[in-house]
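A short write-up of the structure that comes next.
The values are calculated or read from the model by the stated rules, or taken from the named source; none is laboratory data. Only a predicted model underlies this, so the values are computations on that prediction, with no experimental measurement involved. All Cβ positions, even for glycine, are placed from backbone atoms using ideal geometry, and neighbour counts span all protein chains on display. Surface areas here come from the heavy atoms of the whole protein model, side chains and all, with no ligands, DNA or RNA. Shrake-Rupley method; radii C 1.70, N 1.55, O 1.52, S 1.80 Å.
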Amino acid sequence: MTTEIVLMWVALTGFVVATAMFVFGVTFAKERFVRIAVIAASLGLVPQIMALGVRWARVGHGPYIGYYEVANGLTLFVVAFFVIAAWRNPRLSAAGIAIMPVAVLLLGGAMLASKDSLPLTPNLASYWLFIHVAFANLAFAAFVASFGLGVAYVLRKRSTSGKWAQRLQKLPAQDVVEELTTRFVLAGFLFWGAMIASGAIWANQAWGRYWGWDPIETWSLIVWVIYAVYLHVRFTLGWKGERLAWFAIAAMPISLFALLGTPIVFNSIHGGYIGRADG
Amino acid sequence: MIRSVPRKIATVLGSARLAIWLLMFVGAWSMLATFVPQGDSSLPEVAAWAVAHPVIESAVRLLGLHAAFSTLLFRVAVVALAAATATCAWRRTKVAIVRMRTLRTAAGADAESLTAEHDLEMTIRPSLSDADALSKAAGVLAAVGIRTRQRGTLLFSVSPGWTVWGSPVFHGGLVALILVLLLSGFLRSEGLMGVAVGDTVPDAPESYGVLESGVLRDWQNVQRSIRVDAFDTEYRTGSIDRGPVPTVSVLDGAGNVIKSQRVYPNNPLQTGSLTVHATEFGFAATLAVLDKGGVERGRAIQLIDISEETSGGTVPVEPLSLADDKGNRLVVAVTVPMERRGGELSVPQERVARVEVFAADGTPVLDEVIAPAGEIVLPTGSTLRLDELGYYARLSVVDDPAIPFLYAALAVAGMGLTLVVAARQQLVLVTVAESVDGPMLVAKLRLWRNVPTNRTEIERELAEAFQTDEGERVS
């Protein structure tokens, strides 16, 4: 357990350093620091993956159960999704100023939570768990990416003195940032839908009903509906600009609440994944 | 007049604003519903919430938020959303057909047809050869993410026709999903039945303790029964403790086993449209009534639930009504005294049954503890014998013929959405044409979906590359 925790602290340190570098690099328009920040974020993934691997071998299941594991899995996907995008298209790197703090808060929260390993309950012991969680992580990573680009868009747009416009000048043009935000939302919408669908099939397998309006199921639908509204206002009403970016910014925390907040706030048959006894 | 009514309805249902408002209503309503306990007012949590929130409760009750997802308002919104989605799917299908035709035509285009019909033209230097101009244009397009191929003097990048079908297929899949869910509600039956180990019960409404059955559910043609063959009090697969696990069989009308297996979470018994889960377990006491001569006059099985709320740790599911040889009705309640270890109930090594007998008017007649094969002599002279004290499994039995269609609709919607997300929809044709002003670069651009650039950027980059003014759109 000690090795795992040490590795996880190293990963968190890497992500904190990356965040600081992004803030410094973007604020003072030092492109070199932004590039270093992407490297630091990428390097932070190495100890995190090692720590999760060690834990997986020890407890016999992936990062699916308990707040520590779930938040860890989400962080891994958020950072991996972002660094892959940043390596493929370095002009997106500056969006890390908004994305990495989310990763740091998630992993920081995980490090403060109980790290006890929870056994797979009979209800959770299914290959559907892997599929369901993988889609949830992918969707959240895409939503955080859209959130980061939304923040970058708003910062540039609202920069009356032009400072932030200069600081974020390496980002693609505003219309391209907007288009990319929408594409990340679309990707997240697809993955979130796949999460709901795989959950419904699994629920039918495990409980004999595919949908039961359980609070966690309902909130997953609410998030999907919110992003459906985003896509409709974008494609059918032709919303553009700052209000669309604000929409992407505001929607992401709701998806986070659906994933991590609902099992804490509500009594749910799904509570088991966050370590609640009633799940 | 008559034709205009459906058209008006279609216009309303096809309105983007209506769809957005309906989505927002469904989202907001669902959000509210999660903060209000769901169910009948007789439920303890609903009643407690009403007492704790007297001011809000009246509004909640008025809106029907305690039954948020079955209230008429919500159902109407969902039906309207389904209709709006269907209208949207139809409109998107029409758009897809037009786009597919455009792509097909473009796939067969040549330099001459493009010269005759294009939407962008740009004067280029006469010194530039056609080949160099096309090469330069290809480079510009590649730099903004559009890889072109060349056929004669035509540069082209045309998406396949199927790429335009994502949105209509997705919306069509959603409509199919909603219809299948409605169908499922009409055809589905879902219930709980308790079956003692070794016992066989017919799959009929009277066998269920709790049953919800759709209006189109046809019980007449159900000719099967369900049997619990065995019960493992502990069962492990690999490192996972599956808990108490029954072995369940489904039999056809002739008594032949259709399927038999251990049933535990994530491992239901599935045959045809039938799915059997094991939700709980308890004890089953088999009782026989003997007359004075020792001849068996009746037999019944008492199902007993484990209950933390009773002192003995068990409670009969439903007391038995038995008749002795003189026809006197007796009410028998059997429980199994449990042991408490560390505050938790556990099954004793040697199980015994506490048998309480009441007269029809509720007067206590007997209260004795007996082991299996033990007998109690009733005041009337008859004997009550405990033949067996085993287990029973509470089975959740769901028969839903719509589920394969539900999964198919999900798959169709998923494929459509994947196409929307991943498939690029574009048409780019470029060639060099002669005009009275000299050579010109002419192009046709349709950048519909998932294209990494836009028309403005292409025009700007081409103009920069050919050092001319920005391209001129041709209407």
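Below are the figures for this structure:
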{"read-out": "Where region A:190-279 is the region considered: accessible area per residue in Å², 1.4 Å probe", "value": "33 Å²"}
{"read-out": "Förster radius 51 Å - calculated FRET efficiency between A:Thr2 and B:Ser42, Cβ distance, rounded to 0.05", "value": "0.45"}
{"read-out": "Inter-part distance where region B:173-212 and region B:313-386 are each reduced to a Cα centre, Å", "value": "33 Å"}
{"read-out": "B:Met122, B:Met100, ranked by accessible area, largest first (probe 1.4 Å)", "value": "B:Met100, B:Met122"}
{"read-out": "Dipole of the protein assembly as shown [Lys/Arg +1, Asp/Glu -1 at C-beta], most positive-end residue of B:Val95, A:Ile254, B:Asn256", "value": "B:Val95"}
{"read-out": "All aspartates and glutamates inside 16 Å of A:Lys163 as judged from Cα atoms, apart from same-chain residues fewer than 8 positions distant", "value": "A:Glu31"}
{"read-out": "Carbon/sulfur fraction of accessible area - the protein assembly as shown, other protein chains in place, 1.4 Å, %", "value": "61 percent"}
{"read-out": "For region A:26-93, accessible area per residue (1.4 Å probe, heavy atoms of protein chains only), Å²", "value": "44 Å²"}
{"read-out": "A:Met21 accessible area, assembled protein chains, probe 1.4 Å, Å²", "value": "50 Å²"}
{"read-out": "Accessible surface of A:Lys30 - all protein chains present, 1.4 Å probe, nearest 10 Å²", "value": "100 Å²"}
{"read-out": "Cα long-axis angle, helix A:174-207 against chain A (0 to 90 degrees, to the nearest 10)", "value": "0 degrees"}
{"read-out": "Helix B:166-187 vs. chain B, principal-axis angle (Cα, 0 to 90°, nearest 10)", "value": "20 degrees"}
{"read-out": "Accessible area buried between chains A and B, both sides summed, probe 1.4 Å, in Å² to nearest 100", "value": "3600 Å²"}
{"read-out": "Per residue accessible area in Å² of region B:277-391, where ligands, DNA and RNA are left out and the probe is 1.4 Å", "value": "51 Å²"}
{"read-out": "Anisotropy class of chain A from Cα gyration tensor, a/c 1.5 cut", "value": "oblate"}
{"read-out": "Label-to-label distance, nm, for residues given as A:Ala29 and B:Arg151 (7 Å Cα→Cβ offset)", "value": "4.9 nm"}
{"read-out": "Degrees between helix A:127-158 axis and first principal axis of chain A (Cα, 0 to 90, nearest 10)", "value": "20 degrees"}
{"read-out": "Residues of type lysines that B:Lys444 reaches as a straight line, Cα spacing below 19 Å, ignoring anything fewer than 8 places off in the same chain", "value": "B:Lys136"}
{"read-out": "Low-density loop cleavage sites - trypsin sites (Lys or Arg not before Pro) in region B:307-346, where at most 13 other Cβ are within 10 Å (DSSP)", "value": "B:Lys326"}
{"read-out": "Helix-only mean residue ellipticity at 222 nm for chain B, each DSSP H run of n ≥ 4 adding -39500 (n - 2.57), per residue, nearest 500", "value": "-11000 deg cm²/dmol"}
{"read-out": "Rh by Kirkwood over Cα pairs, then Stokes-Einstein D for region B:300-380 at 1.002 mPa s and 20 °C, µm²/s", "value": "158 µm²/s"}
{"read-out": "Cα centre as origin, Lys/Arg/Asp/Glu Cβ charges: the protein assembly as shown dipole, Debye", "value": "3360 debye"}
